[in-house]
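The values are calculated or read from the model by the stated rules, or taken from the named source; none is laboratory data. All of these numbers come straight from a predicted model, not from anything done at the bench. All Cβ positions, glycine included, derive from the backbone under ideal geometry; neighbour counts span all protein chains shown.
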Amino acid sequence: MSLSQKLDTWYTDYGRTLPWRGISDPYRIWLSEIILQQTRIEQGRDYYHRFVEAFPTVADLAAASEEQVLRLWQGLGYYSRARNLHAAAQYIMDECGGVFPSDYQGILKLKGVGRYTAAAIASFAFRLPHPVIDGNVYRFISRLYGIATPIATDAAYSEFEALLLKKIDRHRPDRFNAALMDFGSLQCKPVPDCTACPFADECNALKTGRVGVLPVKAAKAKPKDRWFYYFNLRWHADGVEYTLVEQREGKDIWRGLYQFPLMETDKELTYSQLQAEANRFVEENLRLSPLIFHLSPSFRHQLTHRTIHALFLEAELPSEPLLTTGKYRAIPTSEIKNIPVSRLIDRYLQTL
Ligand code: SF4
């Protein structure tokens, strides 16, 4: 039996039922694929439903503000995905006459869409024969054929793609791809039960004792440490409590999200260094005289390429600080839950 026939039989018995399976709406398939990048299915499912409800069509998504999209995305991380999603929806409306591109190259032009996502949309929505290669597929295929190329590089993608292009079911590429992904995820797991596998008699890794060795992973760079000191400064006016926020800009992480005024340093500060630096910061930026800060517990926040060490400095002000630039904005503290913030800020807010 061929790879595709075996997978097809297995899929009939064990394939997953998912809200974005068995549909051909490219917009919803695209939405699900972007949400599922770096996100577990269980968590992604909730977000998928929320997005489909808030923005049922690509036109609705394009018409939303970036802030609305980021707010709905909050908690998923990797916010560039949300910004790209929004920009691509606007591109579809403005440049493609509101019609979702229906060929692989056209789909690949959408911001935030790489080869994997383009293949998923092309095969699931348009039944075009493009194999999908995610982490689960790399694992299964590298073991089945004994491929020791380090995975998740452009070269590896091309190698696996060339191989799978010969194996894909050209009549039902959507079903082939769904079965391939599910098989890697549910059967050929990191620690698999090979006795229950329909490929056990031909699996190269099983025959050569390399199940625990394949796939070979490319060496990762060590995450860079960064130290973030946030100022949660509060004051009251007319019975309402206020605080200051700023919106992140530039090419750095969390662009477009809000945060408390931030002082970043390239090393951890001792307690006395922190008092001195913090007071210099509030004096320069907010014209405030020296303050006594209450320090939050420290937060460690792990991102793919960075480790953020964060501390929140809290202080009560007698009145509204003098804002000399448009960088900071005073808002009632109760409003914070309505603006998009990073998961790190959200974790801190949960402790208050
Ligand atoms: S025999 Fe084991 S390692 Fe090989 S494909 Fe099956 S589950 Fe994966």
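Within the range 154-194, count every residue that is among the basic types (Lys, Arg) and in a helix (DSSP H, G or I).
Summing the residues that are among the basic types (Lys, Arg) and in a helix (DSSP H, G or I) in the range 154-194 gives 3.
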(request) Could you please tell me which pairs satisfy a Cβ distance under 6 Å, a separation of 6+ or placement on different chains, a first residue in the range 22-45 that is at positive phi and in the same structural domain as Ser185 (by TED's automatic domain parsing), and a second residue that is of a type in the set (Ser, Thr, Tyr) and outside any helix (DSSP H, G or I)? (result) Gln38/Tyr78
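Yes or no, residue by residue, for (1) free of Cβ contacts under 8 Å to residues at least 60 places away in the same chain; (2) more than 9 Å from the ligand (Cβ to nearest atom); (3) closer than 29 Å to His301 by Cβ; (4) acidic (Asp, Glu):
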| residue | (1), (2), (3), (4) |
| --- | --- |
| Lys189 | yes, no, yes, no |
| Pro192 | yes, no, no, no |
| Thr195 | yes, no, no, no |
| Asp201 | yes, no, no, yes |
| Ala205 | no, no, no, no |
| Val211 | no, no, no, no |
| Val216 | no, yes, no, no |
(request) Answer yes or no: is there a residue in the range 75-90 that is free of Cβ contacts under 8 Å to residues at least 12 places away in the same chain, among the charged types (D, E, K, R), closer than 22 Å to Gln38 by Cα and in the same structural domain as Pro198 (by TED's automatic domain parsing). (result) no
(request) Go over the candidates Gly184, Gly75, Gly135 one by one and state the one that is modelled with pLDDT under 95 and within 16 Å of the ligand (Cβ to nearest atom). (result) Gly135
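Just to verify a result, which residue in the range 7-54, among those that are hydroxyl-bearing (Ser, Thr, Tyr) and assigned to a loop (DSSP other than H, G, I, E, B), is modelled with the lowest pLDDT?
Going residue by residue through the range 7-54, those that are hydroxyl-bearing (Ser, Thr, Tyr) are 9, 11-12, 14, 17, 24, 27, 32, 39, 47-48.
Within this subset, residues satisfying the condition of being assigned to a loop (DSSP other than H, G, I, E, B) are 17, 24, 39.
Values: Thr17: 93, Ser24: 94, Thr39: 87.
Ranking the qualifying residues of the range 7-54, first place goes to Thr39.
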(request) May I ask you to verify whether Phe299 is in the same structural domain as Leu244 (by TED's automatic domain parsing), within 13 Å of Pro261 (Cβ to Cβ), of a type outside the set (Ser, Thr, Tyr) and within 34 Å of the chain's Cα centre (by Cα)? (result) no
(request) Quickly run through the range 78-111 and pick out the residues that are surrounded by 19 or more Cβ atoms within 10 Å (Cβ to Cβ) and in contact with a Leu (Cβ under 8 Å, 6 or more places away or on another chain). (result) Tyr79, Ala82, Leu85, His86, Ala88, Ala89, Ile92, Pro101
(message) Yes or no: the range 92-113 includes at least one residue that is more than 30 Å from Ala196 (Cβ to Cβ), in a helix (DSSP H, G or I), touching a His at 6+ places or on another chain (Cβ under 6 Å) and not assigned by TED's automatic domain parsing to the domain that holds Gln259.
(response) yes
(request) Those residues that are part of a strand (DSSP E or B) and among the hydrophobic types (A, V, I, L, M, F, W, C), I need them from the range 216-269; list them, please. (result) Trp227, Phe228, Phe231, Leu233, Trp235, Ala237, Val240, Leu244, Val245, Leu262, Met263
(message) I need every pair where a residue in the range 324-352 that is assigned by TED's automatic domain parsing to the domain that holds Pro261 and part of a helix (DSSP H, G or I) has its Cβ under 7 Å from the Cβ of a residue that is of a type in the set (Asp, Glu) and loosely packed, with under 13 Cβ neighbours inside 10 Å, sequence separation at least 6 or different chains.
(response) Thr333/Glu241
